[in-house]
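These notes concern the structure reproduced below.
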Amino acid sequence: MILLSEQSFLPFCKEGVVLEKKESVSKILGLVTMYNQKLSQYVKDYRNYGTPQKLRSDQIHLICHIGRNPKCNLRYLAEATGACFPTVSLQVDRLRNIGLVTKTRSSSNQREIEIALTEDGTAAFAYHQKLDADYFAKASACLEEYTEEELVTIRKFVNQKRIQYLWIGV
């Protein structure tokens, strides 16, 4: 989970005086940059998800796609993750080598390979589902304090940043 200290948000007010718009924008962009840096590091780090194997963010998310779609195939995983087929195939092979997924021939189509979670893979999936539920509960509670108008502004900003990232290929 990415945590920003409450102190990060205090510079918006100086002795009860609201900052000028330009200064407020600068502070907000500083917070967004700090969040992006922490997120960038988070996705690179290996983490424990309730099994002996430590996984990166992209690996646990692939496990989650498999967990939500048992007996899926590589083509589905490539489409669902937006990754190219060879990358997904390599990643699935890595997960199979560490005992988190299995690959078997489909009984209905001998040319197709089905991907499923092992017992450890299922444990990692369940662990991550709990982390997601905890995160969304905390984030929802945080957002409850905002008015609908403020939430519209937040959604607008986040959506604009999302579109910007898609445009620049991040």
Looking at Ile63, is it touching a Phe, Trp or Tyr at 6+ places or on another chain (Cβ under 6 Å) and β-branched (Val, Ile, Thr)? yes
Restricting to segment 62-75, and then to whatever is at pLDDT below 95 and in a helix (DSSP H, G or I), can you tell me which residue is surrounded by the most Cβ atoms within 10 Å (Cβ to Cβ)? Leu74
Being at pLDDT 95 or above and either in a loop (DSSP other than H, G, I, E, B) or in contact with a Phe, Trp or Tyr (Cβ under 6 Å, 6 or more places away or on another chain) (or both) is the filter here, so list the residues in segment 79-106 that pass it. Ile98, Gly99, Leu100
So Ala123, is it touching a Gly at 6+ places or on another chain (Cβ under 7 Å), at pLDDT 90 or above and open to solvent by less than 60 Å² (accessible area, probe 1.4 Å): yes
Looking at segment 110-133, which of its residues are under 26 Å from Ile60 (Cα atoms) and free of Cβ contacts under 8 Å to residues at least 24 places away in the same chain? Thr118, Glu119, Lys130, Asp132, Ala133
Give the residues of segment 29-58 that are under 15 Å from His128 (Cβ atoms), open to solvent by less than 40 Å² (accessible area, probe 1.4 Å) and free of Cβ contacts under 8 Å to residues at least 40 places away in the same chain, sorted by residue number. Ser57
If a residue has to be part of a helix (DSSP H, G or I) and open to solvent by 90 Å² or more (accessible area, probe 1.4 Å) to count, how many in segment 136-152 make the cut? 4
Open to solvent by 60 Å² or more (accessible area, probe 1.4 Å), of a type outside the set (Ser, Thr, Tyr) and assigned to a helix (DSSP H, G or I), is that true of Val158? yes
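The values are calculated or read from the model by the stated rules, or taken from the named source; none is laboratory data. As the structure is a computational prediction, the values presented were derived from the model and not from experiment. Cβ sites come from the backbone with ideal geometry, for glycine too, and all protein chains shown count toward neighbours. What goes into the accessible areas is simple: the full protein's heavy atoms, side chains included, and nothing from ligands, DNA or RNA. Shrake-Rupley method; radii C 1.70, N 1.55, O 1.52, S 1.80 Å.
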